[in-house]
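The values are calculated or read from the model by the stated rules, or taken from the named source; none is laboratory data. Owing to the predicted nature of the structure, the values given are computational and were not obtained by experimental measurement. Note: ideal-geometry Cβ built from the backbone for every residue, glycine included; neighbour counts use all protein chains shown.
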Amino acid sequence: MKYLLKFIVFFGLSAILEAQTISDKEIANMFILGFEGKDVSKKSLVYHEVCKQGLGGVILFKKNIGSIASLRQMTHTLKTCNKNHLPLIAVDQEGGRVQRIRFSGQYPRASSLSEGSATNVFDKMASELARLGINYNLAPVADLDYSYNGVIHGNGRSYGHDPKKVARFDRLFIAAMHHHRILTALKHFPGHGSSKGDTHQGFVDVSKYWDDREIDPYKILIRDRRIRVDSIMVAHIVCDYITGDKPASLSYGAIHEIIRKRLKFRGVTITDDLQMRAISKQYSLKQTIMLAINAGNDLLLFGNQLSRKNKVNVTTLIRKVRELLREGKIKKNLIKNANKHINRMKRVLER
């Protein structure tokens, strides 16, 4: 009994020390959040979260896009309010239906592009984003066009069903963004092209349809020394022999075993929006954070876009992570490693 009590005391003290040696800003740096409004002032919640609490970044949606002038002022304010912290200003700008910025009109969807026209389209897109102060484009799509009734094919979001062709387009996209000092995210790992459902709406299992070739674009681009893969966005799809019974975004097997060990990727891993119903209908906020961090994600994305009642702020997220550290359900080295990956990626923007 005496030894059991000693063990309990030792474990409890260890968990407390784990929590104390991680700063709130290190925790905040792991999150990207959506927010309300088309402008930012010193009284805004998002100003406080970014400039005072060290929020890792924000994601922009249509609700945040006013005029060119207001958007440029917003991004400038967030990027310059704290000289010791550079936030990621993220947006989904693929072209076609997934295009948040429309000041220059409609960019063509992926399925309609030729390799000859792609370079000019991508350069124009990157130039516009850079002028607006956006530094992180959550694109390009690396999904293969497999399912003729799926969300990828139906919206023309894939560059084709041949992995080498998809990788060529993605390479051109990444090169254009990098030329204008914009980071990118290959998505949606391990491949959304064979899915027939939409993870915005609920559980999507691709186990019967998924093909190992869907990983090939990632493999090709990670090994390509001509470009730099900044980050990989992990989807909420289930593929049992990769992810087990969990979505890829919460799966140690998908992220650690495949992305890190098999593909030898050393950059940033980012979740798809963790408020999609594929996640929010199955897991509590605390469970989601625990599983996402333990799976090996560096950046956790909460769009605050899909449900008013499920909106989160950085204070709540820090508190949840601290609880998990004290309970011994996550380890501080995961937070330290995530910050190492994130800060290394951000340093590219500071050169």
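General remarks:
- On the stretch given as the range 249-284, residues that are in a helix (DSSP H, G or I), within 17 Å of the chain's Cα centre (by Cα) and more than 15 Å from Val238 (Cβ to Cβ) total 4.
- Some residue of the range 239-258 being buried (at least 17 other Cβ atoms within 10 Å of the Cβ), touching a helix residue (DSSP H, G or I) at 6+ places or on another chain (Cβ under 6 Å), closer than 21 Å to Glu323 by Cβ and touching a residue at least 24 places away in the same chain (Cβ under 8 Å): yes
- Which numbered condition Leu144 misses (of (1) touching a helix residue (DSSP H, G or I) at 6+ places or on another chain (Cβ under 6 Å); (2) surrounded by fewer than 17 Cβ atoms within 10 Å (Cβ to Cβ); (3) in a loop (DSSP other than H, G, I, E, B)): (2)
- Hits in the range 287-331 (condition: part of a helix (DSSP H, G or I), over 17 Å from His256 (Cβ atoms) and in contact (Cβ under 8 Å) with a residue 60 or more places away in the chain): Val314, Thr315, Leu317, Ile318, Val321, Arg322, Leu325, Arg326
- Between Gln73, Gln53, the distinction of being polar (S, T, N, Q) and within 19 Å of Ala28 (Cβ to Cβ) belongs to Gln53 only.
- Test: residue in the range 106-117 that is farther than 20 Å from Ala175 by Cα and either in contact (Cβ under 8 Å) with a residue 12 or more places away in the chain or not in a strand (DSSP E or B) (or both): yes
- Among the residues listed as Asp273, Asp245, Asp240, the single one being at pLDDT 95 or above and either among the charged types (D, E, K, R) or closer than 16 Å to Pro190 by Cα (or both): Asp273
- Residue list for the range 307-348, filter: surrounded by 15 or more Cβ atoms within 10 Å (Cβ to Cβ), under 19 Å from the mean Cα position of the chain (by Cα) and either among the hydrophobic types (A, V, I, L, M, F, W, C) or under 21 Å from Tyr252 (Cα atoms) (or both): Val312, Val314, Leu317, Ile318, Val321, Leu334, Ile335, Ala338, Asn339, His341, Ile342, Met345
- Annotation: of all residues in the range 35-89 being of a type in the set (Lys, Arg) and in a loop (DSSP other than H, G, I, E, B), the one that is surrounded by the most Cβ atoms within 10 Å (Cβ to Cβ) is Lys38.
- Qualifying residue in the range 214-221 (condition: in contact with a helix residue (DSSP H, G or I) (Cβ under 9 Å, 6 or more places away or on another chain), farther than 25 Å from Gln275 by Cβ, modelled with pLDDT under 95 and not acidic (Asp, Glu)): no
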